1. Given (1) away from the ligand (no atom under 16 Å from the Cβ); (2) surrounded by 23 or more Cβ atoms within 10 Å (Cβ to Cβ), identify the lone condition not met by residue 266.
2. Would you tally the residues in the stretch 36-88 being touching a strand residue (DSSP E or B) at 6+ places or on another chain (Cβ under 8 Å) and more than 27 Å from residue 255 (Cβ to Cβ)?
3. What do you reckon, is residue 391 more than 26 Å from residue 123 (Cβ to Cβ) and modelled with pLDDT under 95?
4. In the stretch 94-103, how many are more than 8 Å from the ligand (Cβ to nearest atom) and out of contact with any helix residue (DSSP H, G or I) (no Cβ under 8 Å at 6 or more places or on another chain)?
5. So which of 378, 315 is more than 18 Å from the chain's Cα centre (by Cα), within 21 Å of residue 30 (Cα to Cα) and surrounded by 22 or more Cβ atoms within 10 Å (Cβ to Cβ)?
6. Determine whether residue 304 is touching a strand residue (DSSP E or B) at 6+ places or on another chain (Cβ under 9 Å), surrounded by fewer than 22 Cβ atoms within 10 Å (Cβ to Cβ) and within 19 Å of residue 212 (Cα to Cα).
7. When only residues in the stretch 160-182 that are out of contact with any helix residue (DSSP H, G or I) (no Cβ under 7 Å at 6 or more places or on another chain) and within 18 Å of residue 350 (Cβ to Cβ) count, which is nearest to the ligand (Cβ to nearest atom)?
8. When the stretch 105-116 is examined, which residues are found to be within 14 Å of residue 248 (Cβ to Cβ), more than 8 Å from the ligand (Cβ to nearest atom) and crowded, with 22+ Cβ neighbours inside 10 Å?
Ligand code: PMP
């Protein structure tokens, strides 16, 4: 039966996280595994009202086929928000509304990657991007991610040896590590990539979830000609709406993305786009985001403090200023897959680091999500994790 399937899908693994989520669905398990936003913040009532308003005012239009580029008013909203929040000029004409930013990754892979083309990813990197790009069979090259961003010497060297088509980066509160690039690393990355033919894909689903420190410039400000932006409403509104976007001022690329999207789904769910826009019109999303950040900040503090209290200097952790994840490096002799098995027996779960590497995984690493449990549960989960850890470290 194997031979009936196309080569492009045969080596692509199932999402390891989706598999783990099946195990962690049991109610007695404290899960730090998922990448789920805190459901308490889903604006259920406001969405109900927005749905009714859309159906009452232009129900028939909202249920009809629509344009591939997406709902014009929503594109304009995104463009205006780039201006007010980041002082970035991103024309609404250069935005395509996608089925989550995940679809943006797939479309970019489809349009840019031929088999064996060189592409660059952070090490470790977002597993969904590894999976998306894998379908197009690229030559993956990793750039080590350090506490302040990528290792720019590695970037310089790889650009000399290969001519990568793209560098995929999550510069704010990266998934899986929580790392944010500092200003100097952003500038140096910009200096290296500028004047090459390499696109820089800035994926920023977590940028607005900052609970400490201050915002740093987008690559769009530093190297506008190379930068493609990906954005998402999943983390600030509701992931099930599957609404995100791609923004690029490169007209040729834009047109190719439109063709790829037409071939894939004609257009993104128009009703959802209208409901989201109606929600944005009638509600103050900034205060909504502020409320999310306040709670996520408390959850993050609880996790950082509990990890320090239990583990001391036996492990190293990142201390993110935003987002949803932190990254743990265990002593070298401990394999996080084995720790995962022991942790499940103690009813606590996390994601082992391995799936975040396209090759040569650092097996003593793991990702913890802190946004889905209360500070009290986090404390209890970290205690259980430490008990599981003791099986290996003594
Ligand atoms: N990029 C990154 C870095 C992510 O963490 C995620 C979600 N986990 C996505 C993209 C996809 O998000 P969505 O499709 O919901 O916008």
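1. All conditions are met except number (2).
2. Of the residues in the stretch 36-88, 1 are touching a strand residue (DSSP E or B) at 6+ places or on another chain (Cβ under 8 Å) and more than 27 Å from residue 255 (Cβ to Cβ).
3. Numbers: more than 26 Å from residue 123 (Cβ to Cβ): yes; modelled with pLDDT under 95: yes.
The answer is yes for residue 391.
4. Of the residues in that region, 0 qualify.
5. Numbers: 315 fails: surrounded by 22 or more Cβ atoms within 10 Å (Cβ to Cβ).
Step by step, each of 378, 315 is checked, and only 378 is more than 18 Å from the chain's Cα centre (by Cα), within 21 Å of residue 30 (Cα to Cα) and surrounded by 22 or more Cβ atoms within 10 Å (Cβ to Cβ).
6. Considered against the rule, which asks whether it is touching a strand residue (DSSP E or B) at 6+ places or on another chain (Cβ under 9 Å), surrounded by fewer than 22 Cβ atoms within 10 Å (Cβ to Cβ) and within 19 Å of residue 212 (Cα to Cα), residue 304 comes out as yes.
7. So the residue we want is 175.
8. Narrowing the stretch 105-116 to residues within 14 Å of residue 248 (Cβ to Cβ): 105, 107-108, 111-112.
Of the ones still in play, those that are also more than 8 Å from the ligand (Cβ to nearest atom) are 107-108, 111-112.
Answer for the stretch 105-116, where residues must be within 14 Å of residue 248 (Cβ to Cβ), more than 8 Å from the ligand (Cβ to nearest atom) and crowded, with 22+ Cβ neighbours inside 10 Å: 107, 108.
The values are calculated or read from the model by the stated rules, or taken from the named source; none is laboratory data. A quick note: this is a predicted structure, and the numbers were derived from the prediction, not measured. Note that we place each Cβ from the backbone using ideal geometry, even for glycine, and neighbour counts take in every protein chain shown.
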